[in-house]
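Visitor: One structure coming up, written as structure tokens, with questions to follow.
The values are calculated or read from the model by the stated rules, or taken from the named source; none is laboratory data. None of the values given here were measured: they were computed from a predicted structure. FYI the Cβ positions are ideal-geometry reconstructions off the backbone, even for glycines, and counts take in every protein chain you see. Calculation scope for accessible area: heavy atoms of the full protein, side chains included, ligands and nucleic acids excluded. Shrake-Rupley method; radii C 1.70, N 1.55, O 1.52, S 1.80 Å.
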Amino acid sequence: MKILITGSAGFIGYHLIKKLIKTNNVIIGLDNINDYYDLRVKYGRLDYCGIRIQNIKHNVLIESDKHENYHFIKLDLTDQKNLYQLFKKQKFDVVVNLAAQAGVRYSITNPDAYLQSNIIGFYYILEACRQNKIKHLIYASSSSVYGWNEKMPFSTSDNVDHPISLYAASKKSNELLAHSYSALYNIPSTGLRFFTVYGPWGRPDMALFSFVKNIIEGKPIDVYNHGNMMRDFTYIDDIIEGIKRVISIPPKGNEKWSGENPDPSSSKAPYKLYNIGNNSPVRLLDFIEAIENKLNKKAVKNMMPLQSGDVPASHADVADLIKDINYKPNTSINEGIEKFIDWYLKFYEKK
């Protein structure tokens, strides 16, 4: 297969490419390499996969000097003309769309970035898939879509009409747009709601990154909602294994789906939603304690109120993931944090 992975210089995209380049598939990575966070991390990910910074030019497909089945192109999803030309020329079988403007809090201060990348950019991806008869579109959604829902665990069969951030609303819109294209044009599409992903090469704007950095430097860490938070932290390798398995299982229309009692997780169209989470929520204070234990250093905690756009708890129902692809994430917090900190110390030791 020939697979396009957008957001390939990002956290999840990088790890997915690292996994898939070990297969017989031809992989093309796409990223605009924006400066939302530390570019050293993005270029470091690209470098690991054999894409050298000095070779990168806009809209030029370059070969990895480590993996003959991997190529990279610097391109923005909103560059409609060049995106469509890429699809037409490369004739992809599968598209994994991970490119997006991330971050709940950033969406409050910079909403335009989310409208452009997450909505306009995603629409162009859908149109390119339609024009080129893509066999399976997989795209990143988010646990943020559950918004003000309180019934736990969160199920993909739950109504998610009350998002509380523009980021969450943009991801919900992706699911709606994907369904309309699946219904109109028979494009098999699978949306993956990721739950608080963490691990080596993670995003510097995520809590784990700032917690580790500040604890090492003896600086206070901001603990929101006074520590009364529960998160279904999911280790990156578990996320990647889930995506890898989903790629080879394009959805079919659900013959049992009923418009009288519509299940949001599936459809008469070839459309499916999955949660990918650890299914084992952890208290934020326990998460911080695991970091302290690994670093052998206590955090100075600055207790803060709940931030706008944040939810106090998340918990993934992964029953469909287990039933359909025989997979359940299971990496423990202690194991995942240990691996992240080992990477962090090694990466920044070189800087």
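Visitor: Going by what's in this entry, would residue 59 be described as modelled with pLDDT of 95 or more, open to solvent by 30 Å² or more (accessible area, probe 1.4 Å), within 15 Å of residue 117 (Cβ to Cβ) and touching a strand residue (DSSP E or B) at 6+ places or on another chain (Cβ under 9 Å)? Outline the logic, then answer.
Guide: On the way: modelled with pLDDT of 95 or more: yes; open to solvent by 30 Å² or more (accessible area, probe 1.4 Å): yes; within 15 Å of residue 117 (Cβ to Cβ): no; touching a strand residue (DSSP E or B) at 6+ places or on another chain (Cβ under 9 Å): yes.
Answer is no for this residue.
Visitor: Now a separate question. One residue is enough: does segment 252-260 have a residue meeting the conditions open to solvent by 20 Å² or more (accessible area, probe 1.4 Å), in contact (Cβ under 8 Å) with a residue 40 or more places away in the chain, within 22 Å of the chain's Cα centre (by Cα) and closer than 30 Å to residue 8 by Cβ?
Guide: No, that holds for no residue.
Visitor: Hey, could you check segment 187-239 for residues that are among the polar types (S, T, N, Q) and assigned to a loop (DSSP other than H, G, I, E, B) and say which is farthest from the chain's Cα centre (by Cα)?
Guide: Let us first name the residues in segment 187-239 that are among the polar types (S, T, N, Q), namely 189-190, 196, 210, 214, 225, 228, 234.
Within this subset, residues satisfying the condition of being assigned to a loop (DSSP other than H, G, I, E, B) are 196, 228.
Details: 196: 9, 228: 25 Å.
Per the criteria, the residue is 228.
Visitor: Sticking with this structure for a sec: I'm trying to understand the selection: among the residues of segment 17-44, which are assigned to a helix (DSSP H, G or I) and either within 14 Å of residue 100 (Cβ to Cβ) or open to solvent by 40 Å² or more (accessible area, probe 1.4 Å) (or both)?
Guide: Those that are assigned to a helix (DSSP H, G or I) and either within 14 Å of residue 100 (Cβ to Cβ) or open to solvent by 40 Å² or more (accessible area, probe 1.4 Å) (or both): 18, 19, 39, 40, 43.
Visitor: Something else about it: I'm checking my understanding of the structure. Among residues of segment 113-137 that are among the polar types (S, T, N, Q) and within 19 Å of the chain's Cα centre (by Cα), which one is most open to solvent (accessible area, probe 1.4 Å)?
Guide: 116
Visitor: Still on this structure: So which residues in segment 141-150 are in a loop (DSSP other than H, G, I, E, B) and either open to solvent by less than 30 Å² (accessible area, probe 1.4 Å) or closer than 16 Å to residue 103 by Cβ (or both)? Walk me through how you get there before you give the answer.
Guide: Taking segment 141-150 and keeping what is in a loop (DSSP other than H, G, I, E, B), we get 147-150.
Listed by number, the list holds a single entry, 147.
Visitor: When the residues of segment 70-112 are filtered to those that are among the hydroxyl-bearing types (Ser, Thr, Tyr) and farther than 17 Å from residue 10 by Cβ, which remaining residue is least open to solvent (accessible area, probe 1.4 Å)?
Guide: Among residues in segment 70-112 that are among the hydroxyl-bearing types (Ser, Thr, Tyr) and farther than 17 Å from residue 10 by Cβ, the one least open to solvent (accessible area, probe 1.4 Å) is 84.
Visitor: Residue check: is residue 243 outside any loop (DSSP other than H, G, I, E, B), open to solvent by less than 40 Å² (accessible area, probe 1.4 Å) and either touching a residue at least 24 places away in the same chain (Cβ under 8 Å) or among the hydrophobic types (A, V, I, L, M, F, W, C) (or both)?
Guide: Taking the combined requirement at face value, the residue satisfies it.
Visitor: Of all residues in segment 261-281, count the ones that are in a strand (DSSP E or B) and surrounded by fewer than 20 Cβ atoms within 10 Å (Cβ to Cβ).
Guide: Residues that pass the stated criteria total 0.
Visitor: Can you name the residue in segment 151-186 that is in a loop (DSSP other than H, G, I, E, B) and free of Cβ contacts under 8 Å to residues at least 24 places away in the same chain and is also surrounded by the most Cβ atoms within 10 Å (Cβ to Cβ) among such residues?
Guide: 163
Visitor: Another question, then. Residues in segment 22-41 that are of a type outside the set (Val, Ile, Thr) and modelled with pLDDT of 95 or more: how many?
Guide: Of the residues in segment 22-41, 5 are of a type outside the set (Val, Ile, Thr) and modelled with pLDDT of 95 or more.
Visitor: So, one more: Taking residue 342 and the conditions (1) surrounded by fewer than 14 Cβ atoms within 10 Å (Cβ to Cβ); (2) closer than 23 Å to residue 244 by Cβ; (3) modelled with pLDDT of 95 or more, which numbered condition does it fall short on, given that it satisfies the others?
Guide: Looking at each condition in turn, residue 342 falls short on (2).
Visitor: Any residue that is in a loop (DSSP other than H, G, I, E, B) and surrounded by 21 or more Cβ atoms within 10 Å (Cβ to Cβ) - is there at least one of those in segment 297-313?
Guide: Checked segment 297-313: at least one residue is in a loop (DSSP other than H, G, I, E, B) and surrounded by 21 or more Cβ atoms within 10 Å (Cβ to Cβ).
Visitor: Might you check whether a residue that is in a helix (DSSP H, G or I), modelled with pLDDT of 95 or more and touching a Phe, Trp or Tyr at 6+ places or on another chain (Cβ under 9 Å) occurs anywhere in segment 103-120?
Guide: No - not one qualifying residue is present in segment 103-120.
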